[in-house]
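Bear in mind these aren't lab numbers, they're just calculated from the coordinates by the rules spelled out. Because the structure is a prediction, the values reported are computed rather than measured. We place every Cβ from the backbone using ideal geometry, glycine too, and count neighbours over all the protein chains shown.
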Amino acid sequence: MRTPQRFLVAGAARALLTANAFKPASPDNPLALPSFFASWLTGELAPHHLVWQSASLVRSLRQGAAATAKGKLGLALSVASLAGLAELVRRSTAVAGVVEEALSKGLGADYRDRIDPELEAKLDTALPWKQLLTPLYQRHPEVDRVRNISYGDAGWRNSLDVYANRSRPSGAPVLVQVHGGGWVIGSKDDQGKPLMLHLASKGWVCVALNYRLSPRATFPDHLLDLKRGLAWVREHIAEFGGDPDFICVTGGSAGGHLSSLLALTANDPAYQPGFTEIDTTVQACVPLFGVYDFTNRHGIRRTDGMAKFLERAVMKKSLRTHPEAYAEASPIDRVNPEAPPTLVIHGALDSLVPVEEARRFAALLAETTTEPVVYAELPGTQHAFEVFPSIRTVHVINGIERFLLYVWARHREATGDPDAVPEVGEQAQVLEKAPA
């Protein structure tokens with residue numbers, strides 16, 4: 001028989017985890033990192049927590065765990081946790097409306113009319129429950145993946161993977177994914193898979209890039225690698241069915257920072273040593289929960305933890321003595337009228353990167369460029385929410401797809417080829433590599 005004491009402790013732990021998902025520690029709190037991990041896993045896996053906590057509660061009640069005063073308190077805490085988890089599921093579902101409202105505001109209420117009718121008709125907002133129930137198994141039967149293609153001289157850190165539909169439609173739009181990890185960890189295998197698999201299943205060609213990491217690498221080494229990877233995409237993606245004239249870039253966290261810099265420093269010779277002749281413009285950018293200001297000029301971060309980390313591991317120089325280097329590394333300083341269409345996405349409850357950075361970055365972009373800028377601030381959302389499939393992830397991916405299809409339609413209209421739509425499902429050359 002489960003003791004009331006153990007039942008009370010279990011109920012308190014469940015309630016604490018759920019409460020932390022509603023109000024995690026702020027980025028300046030010393031507990032921000034553990035609070036992030038707990039909040040992230042509870043929030044994105046709320047349906048799973050709801051199921052196992054319900055089953056555990058029923059089992060405990062059958063064993064008589066709520067027979068005493070302590071047991072009744074444990075029961076109350078457990079029920080409160082279940083109610084909180086149900087609310088977390090509701091809030092995840094509500095993200096669909098938040099993203100759509102942001103798109104309508106940034107692109108116009110009739111933006112979907114610009115999307116090719118054939119592609120618009122195939123947009124599917126239904127939740128893929130089979131995938132959501134097994135979030136760690138990230139595969140798609142219609143997508144092949146070519147692994148570890150070299151694009152530079154730094155071994156595996158200069159390698160990339162290509163995701164493409166098995167039917168290999170030609171002239172497909174291209175998405176480049178930049179992984180996060182605080183510039184010191186991570187790889188092309190760690191982030192962006194839900195988005196890449198979804199788009200590749202719809203006929204896109206997606207590329208996940210590795211790049212050199214700190215502390216061995218010093219900024220701008222990371223950006224130089226990604227520029228070289230982008231140059232490889234421009235030169236070779238047609239071999240995989242992609243359109244080299246329509247390349248979009250995305251990434252989360254440090255990947256949001258670097259993908260933004262890729263978009264905002266197009267053809268800057270300082271970042272293209274030995275390949276200045278290759279066009280490194282991108283047609284759209286979708287940074288997620290990115291870092292946009294290394295200088296902290298607005299005092300958004302109330303502690304100097306981030307500055308110390310950057311000085312020690314990434315920049316290898318002092319912010320006080322080299323403020324210009326930190327400004328050059330900040331996307332907010334690189335905003336210019338030539339910025340491509342951009343969709344900035346950030347969680348309102350981000351424990352690692354203050355949401356205020358994203359607000360300021362998106363606002364400055366909107367003031368500076370004539371291209372569309374969409375800012376989607378997701379309530380109840382933590383950092384790194386899109387690493388694996390969840391209800392929230394699916395709704396955000398659907399929004400990203402609509403944004404990119406809108407930009408692609410404008411691109412095709414501008415280039416005089418409005419009907420160039422890949423026919424997914426036509427038999428074509430199949431990638432002879434391991435499936436994704």
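Okay, here's what the table says:
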| item | result |
| --- | --- |
| Relative contact order for the chain, counting Cα pairs under 8 Å that sit 6 or more residues apart, in percent | 22 |
| Calculated P(r) of the stretch 41-120 - Cα pairs past 15 Å, % | 69 |
| More than 21 Å apart - percent of Cα-Cα pairs taken over the stretch 4-94 | 34 |
| Alpha carbon convex hull of the stretch 175-322, volume per residue in cubic angstrom | 115 |
| Dimensions (Å) - the chain, Cα atoms, principal axes, largest first | 76, 58, 44 |
| Space enclosed by the convex hull of the alpha-carbon atoms of the stretch 271-361, per residue, Å³ | 124 |
| Cα radius of gyration and Dmax for the stretch 200-263 (Å) | 12.6, 38 |
| Neighbour-count ranking [beta-carbon atoms within 10 angstrom, fewest first] of I345, I332 | I332, I345 |
| Listed residue (V407, S150, P135) projecting farthest to the positive dipole end of the chain, Cβ model | P135 |
| Shape call, the stretch 350-401: gyration tensor on alpha carbons, a/c limit 1.5 | oblate |
| Contour excess over end-to-end distance, with Cα ends at R216 and A83 and 0.36 nm allotted per residue | 43.2 nm |
| Cβ-based exposure ranking for V207, V9, V146, V233, in which fewest neighbours within 10 Å come first | V9, V146, V233, V207 |
| Kirkwood hydrodynamic radius of the stretch 248-402, Cα pairs, Å | 16.1 |
| Extension gain (nm, one decimal) between T415 and L31, 0.36 nm per residue minus Cα-Cα | 133.1 nm |
| Order of R234, R392 under a 10 Å beta carbon neighbour criterion, fewest first | R234, R392 |
| Whole-Hz ³J(HN,Hα) from phi, Karplus 6.51 cos²θ - 1.76 cosθ + 1.60, for the stretch 160-166, glycine and proline x | 9, 10, 10, 9, 8, 5, 4 |
| Nearest-20 debye value, the stretch 3-133 charge dipole, Cβ charges on Lys, Arg, Asp, Glu | 1080 |
